[in-house]
Amino acid sequence: MKKAVIAILVFSLAGRFANGQNVGSSPEYIKALTAEWKGERLDDGRPKVSDDILKRLKNISLEEAWGVLRNKGFQNLFEGDWTIIHPDSVMTGRVVTAQYMPLRPDLEKQVKEQGKIENRSQQGGTNSWPIDILVEGDVYVADAYGKIADGTLIGDNLGNSIYARSKRGVIFYGAVRDVEGLSEINGFNGWIKGSDPSYIQQMMLTSINAPIRVGRATVLPGDVVLAKKYGVIFIPAYLVEDLVLTSEVTALRDEFGHQRLREKKYLPGQIDSQWSDEIKKDFLDWLNNYPGKLPMTRAELDNYLKERNY
């Protein structure tokens, strides 16, 4: 049964390419995939989440982000158990996706012919094609079906090209080579499933900026990624601003609650349940005298608190 499903999928893909289906998704298709995004878009159709939100997202914990997404019905957007080139660094960015499959010569021929029509580079391997379209703020995310030996999508040469274009790194459900060289690229980072000294063999690119699977997660082009030491979360673009603000307020609530518990002003049950009017007023007073800089604007915070029951 499993072999039959794979055969059907391969023949389906071959048919799509034979009928002129792009290797790279069209802007119209990407807009349809991300139809709930109402803001600015990049030239390829992906949502252009602001740099400010990407920066603020770095301070959000995986647990807070996961909790917001789960409450909205998204339960398949996290993947853990990564090898990380620089484990203590955080990476956020706008996702560019790529799908790889075991090599099948007739399908690979169709992919390369379609690549010519799309004016993609005919020098080197097709694994350079996703890199060619990266812009600053992008994170290259690939499903390489967990292949390690002979499954290395990049080495340090392509790593330098990725960072030069995106100022970010990669998330590969697969492998890389030249990890020592990649680790020396200042600012570059990678979340990978392994490394190997071998070159890429017996695998092929089948799509760019189409939906892919990364372990437990289903990923769309234009998602926003939060990659940290303990895992990776992919966030639908239209939810990321609310997720950031909700998580920031949650962190402030926790900071306030921990402080008041240390001061023995309230009992744990009072803080862990729905707050009384007394605690709500105390929280608002605490915010008005917050000693540091709030992560959001005061207008954002006030509008959020008006609409939420805390």
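Structure values in brief
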read-out	value
Rounded to 10°, Cα long-axis angle of helix 62-71 versus longest principal axis of the chain	90
Long-range lysine pairs (8 or more apart or interchain), region 190-284, Cα under 19 Å	6
Cubic angstrom per residue, convex hull over Cα atoms of region 159-310	188
Sparse-neighbour loop sites [GluC sites (Glu not before Pro); region 230-310; at most 11 other C-beta within 10 Å; DSSP]	263
J(HN,Hα) series, region 236-249, from Karplus relation 6.51 cos²θ - 1.76 cosθ + 1.60, nearest Hz, glycine and proline x	x, 4, 6, 9, 5, 5, 5, 4, 4, 5, 4, 5, 5, 5
Heavy-atom accessible area per residue - the chain, 1.4 Å, Å²	51
Relative contact order (percent, whole number), the chain, Cα cutoff 8 Å, 6+ residue spacing	23
Carbon plus sulfur fraction of accessible area for the chain, probe 1.4 Å, in percent	49
Amide H partners (placed H, <5 Å) of residue 23, local residues excluded	none
In sequence order, calculated HN-Hα J values of region 189-197 (Karplus, 6.51, -1.76, 1.60; Hz; x Gly/Pro)	8, x, 9, 9, 9, x, 9, 7, x
Distant-in-sequence amide H partners of residue 41 (H built 1.01 Å from N, under 5 Å)	48
Cα-based Rg / Dmax (Å) for region 175-262	18.6, 60
[x] 33.0, 105; [y] 20.3, 81; [z] 22.2, 71, with the label sought being that of the calculated Rg and Dmax of the Cα atoms in Å	[z]
Amide H within-cut-off set for residue 170, under 5 Å, with H built and near neighbours excluded	189, 190, 191
Per DSSP, loop trypsin sites (Lys or Arg not before Pro) in region 224-306 with at most 15 further Cβ within 10 Å	229, 264, 265, 293
Charged-residue dipole, Cβ positions (Lys, Arg, Asp, Glu), the chain about Cα centre, Debye nearest 20	500
Residue-averaged 222 nm ellipticity for the chain, from DSSP H runs of 4+ at -39500 (n - 2.57), nearest 500	-12500 deg cm²/dmol
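The values are calculated or read from the model by the stated rules, or taken from the named source; none is laboratory data. The shown structure was predicted, so the numbers you read here are calculated from the model rather than taken from an experiment. Heads up, the Cβs are rebuilt from the backbone with ideal geometry, glycines too, and the neighbour counts pull from every protein chain shown. The accessibility values were calculated without ligands, DNA or RNA, using every heavy atom of the protein model including side chains. Shrake-Rupley method; radii C 1.70, N 1.55, O 1.52, S 1.80 Å.
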